[in-house]
1. Using the C-alpha atoms of the stretch 396-444, what convex hull volume per residue, in cubic angstrom, is computed?
2. By how many nm would the segment from Asp316 to Thr72 grow when fully extended, if each residue of separation counts as 0.36 nm and the alpha-carbon distance is taken off?
3. Three principal axis extents, largest first, for the C-alpha atoms of the stretch 418-491, in Å?
4. Can you give me the P(r) profile for the stretch 239-342? Cα pairs, bins 10 angstrom wide beginning at 0, each as a whole percent.
5. Which ³J(HN,Hα) values in Hz, rounded to whole numbers, follow from the phi angles of the stretch 460-473 under the Karplus curve 6.51 cos²θ - 1.76 cosθ + 1.60, where θ = phi - 60° and Gly and Pro get x?
6. Restricting attention to the stretch 433-536, which GluC sites (Glu not before Pro) occupy a DSSP loop and are surrounded by at most 15 other Cβ atoms within 10 Å?
7. Would you kindly calculate the translational diffusion coefficient of the stretch 254-315, applying Stokes-Einstein with the Kirkwood radius from alpha carbon pairs, for 20 °C and a viscosity of 1.002 mPa s, and quote it in µm² s⁻¹ without decimals?
8. Under a crude label model (7 Å from the Cα following the beta-carbon direction), how far is Val47 from Met34 in nanometres?
Amino acid sequence: MNRLHPWSAVIRIARGALQGGFFGFFGASLGTGMFGLPWFAVPALAVLGAVVFSSYALARYLRFQYELDGDTLTVESGVFARQSRQIPLGRVQNLDVEQNILNRLLGLAIVRFETAGGSATEATLDAVDEAEVERLRNYVRTYDRSEAAETEADPADAVSEAATRGRSAHADLPGVTGPSPAHASDAGTAGDLGDPVSTSDTEDRGQPDGSLLFAFTQRELLTYALVSVRPAAPVLTLASLPLGMDLVFAVLRFNATLSGASLSGPVVRWLASSPPTSRLAVFAALSIAQFLLLALVVSVALTVIEYYGFKLTQADDDLRYERGLLRRYSGNIPLEKVQTVTIRENVLMRQFGYATLAVETAGYSGGNQQSTQGVAVPLAPREEVYELARDIEPFGDLDFDRSPKRARRRYLARFSLAAAGLTAVAYALDSLVLETGYWWLAALLFLPVVPAAHLRWRHRGFDLGESVLATRSGFWRRTTRVVPYYRLQTVFVTRSPFQRRRDLATVGADTASSSSLLGGVARVYDIDEDTAGELRDTLRERLRADIAARRTGREHARTDEQGADASEQSSEV
């Protein structure tokens, strides 16, 4: 059994000593004031807490062991409650590697084993040296290749097993997971994914781990940061600060003063006292402008920190990514295990012709615990993103069929009800509490109802290709999902009471990717009820036909291989 790197023990002990010393100092300080403890109790309890916490950290380090043996990763851990886990390598989808600043200085890395069947990390090694990271990565990669070779050697059993896995409760679909030789050949075709999709000059930046497909220049990174603004970034940032809300109220008070108000209490009291319209307008304009500026600055900073030095390389049949400034992340995306290819475009990206590419494997979507999971190419020209997407999972030109026009009337009714409800709430709140007389401003929400309903209808659709189902939805952030038929796990049809009134239904195509587990299913929204039933049956038929074609191709390949071996043996005789 192997242990973690000795520096990991030093870091754990130091962290435990600091935590224990803090809790001991804090508890003793309270005790001296509440229970009259002597002064020397403070340093004594601080030292005691540091000793106890650091001893426990050392015990955890000594009790943690791991071993790669054959087709299993064994992990033993626990001080008081011992745990022994055996993780089949066949379920391991990826090794995520993370390095913070201290780990990079010490040459260490945190390794996370991501498995199929869930979004949680199965095992974490915190921390090992970089040579051990490469050994673990190569071991898992070698096992995947040998497993794929065994699958090719016995195709009939492999397809039979795949065809009986994950049957749909709604459409009786035989689910298929795991790599197939036919798709492995597709990935092999993608083994030479063509020219790099970045507009950057990548010829002079060859990587020892594989061919460089994409790399961010400083200009491209800044462009991505500007076109992918996160409005919630300042809210989350201020909420995480100890004095975040105090800072917000201080800024609002400053804005109220600039607008000409003389405050003798909290700014909320001034807002509730029905200030003049002119002053309220100046206050609102200042606050909104400051929020937008803060959102831009914080979002750009977070994006630069997250994607600094991003590069995507291809090593054998895997895509390998690296990114991060303060924390360095890296990992592999196995091409033969890709479940879904997703293309995202927000409004700004579409305006300037950019798009984002994300790929998802079974139970994993790349870059665990990150806001942008599964990103293979954060930002590139739209045509190049689609070109790389077709190299990963071949599909033709997409021609989306829209929902019937009565679906647009449904969206119009939904948005109108939402606007009416908010207007009623504003009226009640103003009448009972605020008494400002400006409740009618909420009625302005009716103005965007008609264009919002039309845009939602316009940006939804689906396309049935020869080998994939493609769905599209979203205006502010348009998402296009491409799902190969042989990756389908479940196809289901849902109808809400409002959909039944208009004879509409939604079809969902589920795969084994983690985004499906978290609700990111490819959905065909609000199509005709009869069309939904036909689509479900069509997907079932095409899935079975795809399975049969792949099984036939495997059997022919096996027969040809046996014939070639027999001819070689006869020639030797």
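1. Details: hull volume 4.6 nm³, N = 49.
In the stretch 396-444, the Cα hull volume divided by residue count equals 95 Å³.
2. This chain segment gains 85.5 nm when fully extended.
3. 61, 24, 16
4. 12, 26, 20, 14, 14, 11, 3
5. Values, residue by residue: 10, x, 8, 9, 9, x, 5, 10, 9, 9, 10, 10, 9, 7 Hz.
6. Within the stretch 433-536, the qualifying GluC sites (Glu not before Pro) (loop, at most 15 other Cβ atoms within 10 Å) are Glu435, Glu466.
7. Here the translational diffusion coefficient equals 148 µm²/s.
8. Modelled inter-label distance: 2.5 nm.
Computed from the coordinates by the stated procedures, all read-outs in this text should not be read as laboratory data. Here the structure is a predicted model, which means the values were calculated and not measured. Glycine gets a Cβ as well: all are built from the backbone with ideal geometry, and neighbour counts include every protein chain shown.
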